[in-house]
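Visitor: I am attaching a structure below and will ask some questions about it afterwards.
The values are calculated or read from the model by the stated rules, or taken from the named source; none is laboratory data. Given the structure is predicted, the values throughout are model-derived calculations rather than measurements. Please note: Cβ atoms are built from the backbone with ideal geometry, for glycine as well, and neighbour counts cover all protein chains shown.
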Amino acid sequence: MASHDSLNQTYQEDQAGPATSTSLPMPDRNRQASASLPTRQIPLGEELPIFCERCGYCLHGVAQHVCESCTVRQFHCPECGHHQPINTLRPAFQKILGRIRAAIVTLAVLFRLNFFGWLLVAWVAMGFEWSYGYGSVRMGRTYGQNQLTPRDIEFEQLVAFLLFGLGFGLLGRMLLLRWRRGYLVGMVLATLTCAAIAGGALWRRWDRWETERLRLPLPFTLDFVICLVVTALSVTLGAAVVWGIWSAAAYAFLPRRTSEALLNWQRSQSSESAAFLARTGPSGS
């Protein structure tokens, strides 16, 4: 019986394995089904395979290091010596993210082109409609039939050009945040607006000559010039004050941290460093 008990003890020791010096508890063979399982935190970078950005070497299991000149934890590729941060996105996800970003940039550019293009067409239409009007022509002591003449300025006309120019300057400046000076953006937009209005007026004069062989006088009267000046000032004013209005609205209706992050991101679009990185890329080449 003694030999039989010693054989059972030896068999149980062989099944348990050799003794270890670790402090980890041995798994319980009689653990209940609802008992919690021991978990081990997986180090960052070991849950999925990652490859070197430069040579494609598999960095799975490679030790992580902290750079001497910064606090960024990174991999050191043993194949090419490239230093790669551990939070680098996977190449497949980088490709998808690049395509999404390119699609967003394309849509943003198309939206800006449509915005400024169609609104400049609207300015041309305003110049076409508001440049000439029918008025009585004095013939001796009496007035003859109505004829197209350069239109006299009216209060409704000034209000229409003023409000339209102010809105165009406000929205146009917010779509052109890459340029730092708001008043300079407003001056450029005002120049384009005045050119569109003048082009619309000249178009109507040419159209009358082509269709009816009626030669109209030039529309550039004092009233028309006053209308152009009012439009240019309203566009420039809207572009100059919109950033202050937008900042005040952001601080008033958004949490402070959210508003500061939003405004700082918008300010960074006009910084010289952001423009330099956009031209040269992250490597500076």
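Visitor: Keeping to the range 194-240, report how many residues are within 24 Å of TRP118 (Cβ to Cβ) and either part of a helix (DSSP H, G or I) or of a type in the set (Ser, Thr, Tyr) (or both).
Guide: Qualifying residue count for the region: 28.
Visitor: Would you confirm, using the coordinates I've provided, whether PHE168 is touching a helix residue (DSSP H, G or I) at 6+ places or on another chain (Cβ under 7 Å), assigned to a helix (DSSP H, G or I) and modelled with pLDDT under 95?
Guide: Considered against the rule, which asks whether it is touching a helix residue (DSSP H, G or I) at 6+ places or on another chain (Cβ under 7 Å), assigned to a helix (DSSP H, G or I) and modelled with pLDDT under 95, PHE168 comes out as no.
Visitor: Within the range 180-193, how many residues are in a helix (DSSP H, G or I) and either over 15 Å from GLY238 (Cβ atoms) or of a type in the set (Ser, Thr, Tyr) (or both)? Reasoning before the result, please.
Guide: Step one: filter the range 180-193 for residues in a helix (DSSP H, G or I), giving 182-193.
Next, from what is left, pick out any that are either over 15 Å from GLY238 (Cβ atoms) or of a type in the set (Ser, Thr, Tyr) (or both): 183, 191, 193.
The total comes to 3.
Visitor: Do the conditions hold for LEU177, that is, is it modelled with pLDDT under 90 and of a type outside the set (Asp, Glu)?
Guide: Yes.
Visitor: What's the number of the condition LEU216 fails, among (1) at pLDDT 90 or above; (2) crowded, with 16+ Cβ neighbours inside 10 Å; (3) of a type in the set (A, V, I, L, M)?
Guide: Only one criterion is unmet by LEU216, namely (1).
Visitor: Would you point out the residue of the range 58-88, among those that are under 34 Å from the mean Cα position of the chain (by Cα) and either at positive phi or surrounded by fewer than 12 Cβ atoms within 10 Å (Cβ to Cβ) (or both), that is modelled with the highest pLDDT?
Guide: Filtering the range 58-88 for residues under 34 Å from the mean Cα position of the chain (by Cα) gives 66-67, 69-75, 82-88.
From what is left, the residues that are either at positive phi or surrounded by fewer than 12 Cβ atoms within 10 Å (Cβ to Cβ) (or both) are 66, 69-71, 87.
Details: VAL66: 81, SER69: 72, CYS70: 71, THR71: 72, ASN87: 67.
The selected residue is VAL66.
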